[in-house]
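The values are calculated or read from the model by the stated rules, or taken from the named source; none is laboratory data. Source: prediction; values computed, not measured. Every residue, glycine as well, gets a Cβ built from its backbone with ideal geometry; the counts of neighbours run over all protein chains shown.
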Amino acid sequence: MKQTDVTALGELLIDFTQNGFSNQGNFLMEANPGGAPCNVLAMLTKLGCKTAFIGKVGNDFLGKHLKAVIEEIGIDSRCLKLDDEVHTTLAFVHTYEDGDRDFSFYRNPGADMMLTEADVDEALIADSKVFHFGSLSMTHENSFKATVKALELAKKHDCIISYDPNLREPLWDSPEHAREKIAIGMEYCDVLKISDNEITWFTGMDDYDAGVKYLQNTYNIPLILLSMGRDGSRAYYKDLRVEVPAFVMENTIETTGAGDTFGACVINYVLKNGLERFTEEKLIEMLTFANAAAALITTKKGALKVMPEIDEVQAIVGK
């Protein structure tokens, strides 16, 4: 019997977000622990799952802080490596009035890119029910090879494989290279969470249903989730297509972590129900809870340390 519910591989970094101004009129930046795969694990931990992370940070004070943070949350850090030569990756997040964001990454290189095949622990993946990953670990050769090795091991040990491309175009040397590598992730996954702008970018199709049909036909992905921000979300499973509206919060601050929170709730639902017998009612139930959780995280700065509690989500769903 596998003991770990979800293991994720990828980036763990510091998101610097604006938090007011100093007396001199300068930006004040808050150092929020972040990184999409660990955000997903943080929400899964809140949902009662046993989680673990594979990644690399710098052996600097920020890296040590990140390690302490995920351990405090309850994420197994045994496969989080500390790099003595390359610093922890940083991202500066600019938030617009509508809550959308723009990222400036300080990652040339960053420690997350230094992950190697030797850092991937087969025993941990073998002991995991779900393996989750994104595309940022594919932008450079070292971490790309580590990601593919982990995916091969996840297939070998019958893990459900969850994928969120989480496109960050500035981190790729070209759009063509990004599509090539992101497509490799599609070939492995059983559960795909993709955003409206990502599916248009990847498929070249403005019609989301047509884009999803292309992904289903090309990659044979059993469950595809489409997140559409304020327009809600959709789930596609075999011939089923369901859409659930978003929970729009009056006190939204920023959207950082909303997709990760949504994805974590989907993974948790798959863990409990499997991938074999989804009905329309189950898909609606899954999306409703995931949408509510995603809405709640938009009312907080950062994501990893402030994931909503189950009763908070249920209160929103019950309104």
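Residues that are of a type in the set (Ser, Thr, Tyr), farther than 30 Å from GLY20 by Cβ and surrounded by fewer than 23 Cβ atoms within 10 Å (Cβ to Cβ) do not occur anywhere in region 147-158. When the strands (runs of 3 or more DSSP E) confined to region 9-82 are screened for residues that are surrounded by fewer than 18 Cβ atoms within 10 Å (Cβ to Cβ) and either among the polar types (S, T, N, Q) or within 17 Å of the chain's Cα centre (by Cα) (or both), those reaching at least 2 such residues are found at 13-21. Report the residue count in region 114-138 for those that are of a type outside the set (A, V, I, L, M, F, W, C), touching a strand residue (DSSP E or B) at 6+ places or on another chain (Cβ under 8 Å) and farther than 20 Å from ILE160 by Cα. Residues in region 114-138 being of a type outside the set (A, V, I, L, M, F, W, C), touching a strand residue (DSSP E or B) at 6+ places or on another chain (Cβ under 8 Å) and farther than 20 Å from ILE160 by Cα: 1 in total.
The residue that is farthest from ILE297 (Cα to Cα), counting only those in region 244-278 that are assigned to a loop (DSSP other than H, G, I, E, B), out of contact with any strand residue (DSSP E or B) (no Cβ under 8 Å at 6 or more places or on another chain) and not charged (D, E, K, R), is GLY274. Look through THR200, THR261 and report the one residue that is hydroxyl-bearing (Ser, Thr, Tyr), closer than 25 Å to PHE133 by Cβ, surrounded by fewer than 16 Cβ atoms within 10 Å (Cβ to Cβ) and at pLDDT 95 or above. It is THR200. On inspection, TYR236 does not qualify as touching a residue at least 12 places away in the same chain (Cβ under 8 Å), on the phi < 0 side of the Ramachandran plot, part of a helix (DSSP H, G or I) and in contact with a helix residue (DSSP H, G or I) (Cβ under 8 Å, 6 or more places away or on another chain). Filtering GLU180, GLU176 for residues that are farther than 17 Å from GLY110 by Cα, charged (D, E, K, R), within 20 Å of the chain's Cα centre (by Cα) and modelled with pLDDT of 95 or more leaves a single hit, GLU180. When ILE125 is tested against (1) surrounded by fewer than 24 Cβ atoms within 10 Å (Cβ to Cβ); (2) farther than 19 Å from PHE262 by Cα; (3) at pLDDT 95 or above; (4) not hydroxyl-bearing (Ser, Thr, Tyr), just one condition goes unmet, and that condition is (1).
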